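Data first, discussion second: the structure below is written as structure tokens.
Rule-based calculations on the coordinates, nothing more; no lab input. Just so it is clear, the model here is predicted, and its values are computed rather than measured. Neighbour counts run over all protein chains shown; Cβ positions are idealised from the backbone, glycine included.
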């Protein structure tokens, strides 16, 4: 499939999902399985839609591999990866998986510091504070270490 057709198909699925049409979810997941380079963008769209419309995507998250940040110098990739983890944390919180949500929001927070994404830093900190009663000692320590990095500037 040429790139333009590939992008058109991915965009079609994205638009449908962002409009709340969960009927394309399985087909989109199959598409992402066939085109692994599209998984990060696709999962970001799927999680955003799930957060917006309140549907479960646990079966999708189990089926698709978790994207990993292999290029830590590409600001566009880092930004997309940060947005993915931010949405994933919100999804985990909505599913009452607080430990997972907190770990994910801390990871997102740790990415926001070196990239100087101050709005994301503030949002991640706010989510962390919202679920403070669920925070483990290890997570408190991680948060403190990240905040020390903020103060170093």
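Would you calculate, for the chain, the mean residue ellipticity at 222 nm contributed by helices, counting each DSSP H stretch of 4 or more residues as -39,500 (n - 2.57) and dividing by all residues, to the nearest 500?
Counting only the DSSP helices, I get -23500 deg cm²/dmol.
Given (i) 48, 33, 23; (ii) 40, 36, 29; (iii) 58, 33, 22 as candidate values of Cα extents along the principal axes in Å, which corresponds to the one derived from the coordinates?
The value matching this structure is (i).
Whole percent per 10 Å bin, from 0 to the bin with the longest distance: what is P(r) over all C-alpha pairs of region 17-74?
23, 55, 19, 4
Using 1/(1 + (r/R0)^6) with R0 = 30 angstrom and r between the beta carbons of residue 6 and residue 79, what's the FRET efficiency to the nearest 0.05?
0.85
Taking only Cα atoms, what is the 0 to 90° angle, nearest 10, from helix 39-53's long axis to the longest principal axis of the chain?
On a 0 to 90 degree scale, this one is about 80.
What nm value, rounded to one decimal, do you get for the distance between residue 37 and residue 53 when each label is placed 7 Å out toward the C-beta?
Here the modelled spin labels are 2.8 nm apart.
Between residue 100 and residue 147, what FRET efficiency comes out of the Förster formula 1/(1 + (r/R0)^6) with R0 = 30 Å and r the beta carbon distance, rounded to 0.05?
Result of the calculation: an efficiency of 0.90.
Taking the Cα centre of each part, how many Å lie between region 11-57 and region 80-139?
22
Helix 98-112 against the longest principal axis of the chain: what's the angle in degrees, Cα atoms only, rounded to the nearest 10?
The two axes meet at around 90 degrees.
Report the label-to-label distance for residue 122 and residue 63 in nanometres (one decimal), using points 7 Å from each Cα along the Cα→Cβ vector.
With each label point 7 Å from Cα toward Cβ, the separation is 3.9 nm.
Treating the angle as unsigned and between 0 and 90°, give the value, to the nearest 10°, between the Cα long axis of helix 3-18 and the longest Cα principal axis of the chain.
70
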